Structures are given as C-alpha cells and as structure tokens.
Amino acid sequence: METQTPERKKIIFSAIQPSGSITLGNYLGALKNWVALQDEYQCIYALADLHAITVRQDPAQFRRHALEAYALFLACGIDVEKSLFFIQSQVHTHAELAWVLNCYTQFGELSRMTQFKDKSAKHPENVNAGLFTYPSLMAADILLYQSDLVPVGADQKQHLELARNIAERFNGLYSPTFRVPEGYIPKVGARIMSLQDPTRKMSKSDENANAWIAMLDKPDDIVRKCKRAVTDSEACVRYAEGKAGVNNLMGIYSAVTGKDYEEIEREFEGKGYGEFKLAVAEAVVEELRPIQERYAKYIADKAYLEECYSAAAQKALALSSRTLNKVMKKVGFLGRG
Ligand code: TRP
C-alpha cells in the first residue's frame, strides 16, 4: 500500500456482504467494475461479514459463504497482487472504530436511514441495535483507509453521505483526521433488476429463486430463469418506458456483451422475446463459464485462499491502525503503551 509515488493513486474502498449466493446483479453492478478499477486506483475491497450478522446467520453456512465469496471474487478477477482484498471480521480495527464513531453519530441521523426503516419493517422480529448502527460500521470501513472514492449503488448513497458527515464532524471537533470520501459513479453502471419483478433490484434474499441468477448457477438454470423472465405483450425488443422487464434483459445483455441498446434493438428487430431471452441466457452462460472454472480451482485450494486472506488481513490491520491510533489519541484515550 505504498502511496509515495509523485502521482498518488487515489484510494478506492468498497465492500459487499458475503451472505448467501453472489448474484449476477452483484457482479454486473459492482464486482465487474471493481475488477476494472484495479489498475488506475489503489483498491481496497472487503467482504463485509460483520455487517452480515445484523441478520441471523447459520454458523456453518455463514462460514462457508465467506470462503466461497472470497474464492468467487478472486475468480472474477480481483487480483491480490494489485489490490487489498480482505475479510472485515479479521481486521479488528473495524469494530473498534465503529464503536468510537457510534458516539459521534446521532440517534436521529440513524433513524432517518431508509434502509433501516425498510429492513426493520421487513423483519420486525429482529430489529437489533446492529441493524440500527450498521451505517457507523460502514463509515468505519471507509474512513479507516483514508479512502478518496467509494463506489456504491443507489441503495448505499445515504450511508455514504452519513459517513461523510461523521468524518467532517470528527475533523471539526478535533483536527483533520479522516479524508472525506466522495461517491464514485462508475462510467458504465448496470443496475440489474429482479427477473420476476423488474421494478425491484435483483436480490439473493428474494424468495422466488427465478428472480435472480447466482454466479454459480448451472447453464440449464440460467436458461430456465431467463426464459421465465417477466416481459410485456408488445413483443418488440426495444428500450422504452413501461418495458421494465425487457429493459432489464437488455441491460444484462449490454453489460455482458458490451453492445449498446441501439445495436441490440437492431440485432433483434423482427424477432420475438423467446429468441432474445435465449440470446441473453447464452451470453450470460458464456460470461460466467470461465469464472466458474476458475472458481472451482480456487475453492479446491483452501490453503491458498487462507494464505491470501490472512496476508490481506495483516496488511489491512497495519494500514487501518494508523488511522485508529490517531483517533484514539485525539479522543483522549490513554495510549496502549
Ligand atoms: N453496506 C454495504 C452493502 O450492503 C456493504 C458495505 C459495508 C460497504 N461496508 C462498506 C460498501 C463500505 C461500501 C463501503 O451493500
């Protein structure tokens, strides 16, 4: 993590929760972009497993999901030589700074978070304090690394805004301590929606498994899910308002093939949705094939995975400790000797 080159590379930080399967939506919306950013920026990526326990997790499954997600991200092209890619729970500075930041975050601010309101309405049986203070942990993730840029989807914008406010507040109360990060809007951002209800984001927590494609789905499943995707009765492949289902499939096809919407409209002129859906499915299968092959190799090599995430955790600890130590000192904690 050397930053002394004359032109300091900007630091990008982002994280994804490893709970459950990683979806095609995660990949096209975030991961693929993470991979693309690795040359231009100093990238720091994390599996946000501490965030994931705001929802109850089965221990054995949770452990497996973290390892699988780590292997899958490597298979997608996250390069541990170029980027720092670690597991949040293995770097204790995150939980520590989160606690401190909790004391600089107002109840009122957290109460206004729309994700908290949505999630607590959805799971009234487990509205735990972690769910409420989740944004302070996310702020800690970002601020520990003096991040310049944070690529986030629309659903995390409010949390990033809060992280900026917390940073500014702390800097103002003491002295400049945190770099105040900016959001990063990717040049090509694909917001992939549910195949069954294209007004909602594709999500692994969707009970209808036909609504989302997992990165490790078999070709047959991908074809079946694409075939069943909700469209409309116009039977014309064009990108337009009121055609959320077709728009979404075009978005997927475009993100995978690199073709723009006009090209896609021309390609499927006079053709029906059946043919279009099959083309989408085949493009997705081809995109995922090499990733799945690499994944199979990584997941079979637990020792290598452990080597990677342990080394990354050590580096992340060293880096983040610099910020945490400054914070502790400024707040007035007695040094640790
Ligand atoms: N909360 C984010 C999500 O659920 C994941 C996350 C955790 C994150 N820490 C972060 C994203 C820091 C960006 C920066 O999608």
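The values are calculated or read from the model by the stated rules, or taken from the named source; none is laboratory data. Bear in mind the structure is a predicted one, so any value in this text is a computation, not a measurement. We place every Cβ from the backbone using ideal geometry, glycine too, and count neighbours over all the protein chains shown.
Among the residues of segment 48-59, how many are outside any loop (DSSP other than H, G, I, E, B) and more than 9 Å from the ligand (Cβ to nearest atom)? Don't jump to the end; show me each part of the working.
Residues of segment 48-59 that are outside any loop (DSSP other than H, G, I, E, B), as a first pass: 49-52, 59.
When the remaining residues are screened for being more than 9 Å from the ligand (Cβ to nearest atom), the result is 49, 59.
Matching residues across segment 48-59 total 2.
Among the residues of segment 128-138, count how many are touching a residue at least 60 places away in the same chain (Cβ under 8 Å) and either touching a strand residue (DSSP E or B) at 6+ places or on another chain (Cβ under 7 Å) or part of a helix (DSSP H, G or I) (or both). Can you show your working first?
Residues of segment 128-138 that are touching a residue at least 60 places away in the same chain (Cβ under 8 Å), as a first pass: 128, 130-131, 134, 137-138.
Add one more test, that the residue is either touching a strand residue (DSSP E or B) at 6+ places or on another chain (Cβ under 7 Å) or part of a helix (DSSP H, G or I) (or both), and what stays is 130-131, 134, 137-138.
Counting residues in segment 128-138 that are touching a residue at least 60 places away in the same chain (Cβ under 8 Å) and either touching a strand residue (DSSP E or B) at 6+ places or on another chain (Cβ under 7 Å) or part of a helix (DSSP H, G or I) (or both) gives 5.
Would you check which residues across segment 139-161 are polar (S, T, N, Q), more than 10 Å from the ligand (Cβ to nearest atom) and not in a helix (DSSP H, G or I) and list them? I'd like the intermediate steps shown before the answer.
As a first pass, look at segment 139-161 and keep what is polar (S, T, N, Q): 146-147, 156, 158.
Remaining after also requiring more than 10 Å from the ligand (Cβ to nearest atom): 146, 158.
Of everything in segment 139-161, just one residue is polar (S, T, N, Q), more than 10 Å from the ligand (Cβ to nearest atom) and not in a helix (DSSP H, G or I), namely 146.
For residue 69, indicate whether it is away from the ligand (no atom under 11 Å from the Cβ), assigned to a helix (DSSP H, G or I), touching a residue at least 24 places away in the same chain (Cβ under 8 Å) and assigned by TED's automatic domain parsing to the domain that holds residue 30.
Values: away from the ligand (no atom under 11 Å from the Cβ): yes; assigned to a helix (DSSP H, G or I): yes; touching a residue at least 24 places away in the same chain (Cβ under 8 Å): yes; assigned by TED's automatic domain parsing to the domain that holds residue 30: yes.
Against the criterion (away from the ligand (no atom under 11 Å from the Cβ), assigned to a helix (DSSP H, G or I), touching a residue at least 24 places away in the same chain (Cβ under 8 Å) and assigned by TED's automatic domain parsing to the domain that holds residue 30), residue 69 qualifies.
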Is it the case that residue 75 is surrounded by 18 or more Cβ atoms within 10 Å (Cβ to Cβ), part of a helix (DSSP H, G or I) and within 12 Å of the ligand (Cβ to nearest atom)? no
Taking segment 162-184 and keeping residues without any contact (Cβ under 8 Å) to a residue 12 or more places away in the chain and either within 15 Å of the ligand (Cβ to nearest atom) or loosely packed, with under 13 Cβ neighbours inside 10 Å (or both) leaves 172, 176
Being buried (at least 18 other Cβ atoms within 10 Å of the Cβ) and either out of contact with any strand residue (DSSP E or B) (no Cβ under 7 Å at 6 or more places or on another chain) or more than 23 Å from residue 71 (Cα to Cα) (or both) narrows 271, 218, 259, 277 down to just 277
**Message:** Quick check on residue 125: is it away from the ligand (no atom under 13 Å from the Cβ) and either part of a helix (DSSP H, G or I) or in contact (Cβ under 8 Å) with a residue 12 or more places away in the chain (or both)?
**Reply:** yes
Checked segment 295-321 for anything touching a Leu at 6+ places or on another chain (Cβ under 8 Å) and surrounded by 13 or more Cβ atoms within 10 Å (Cβ to Cβ); matches are 295, 298, 299, 305, 308, 312, 315, 316, 319, 320
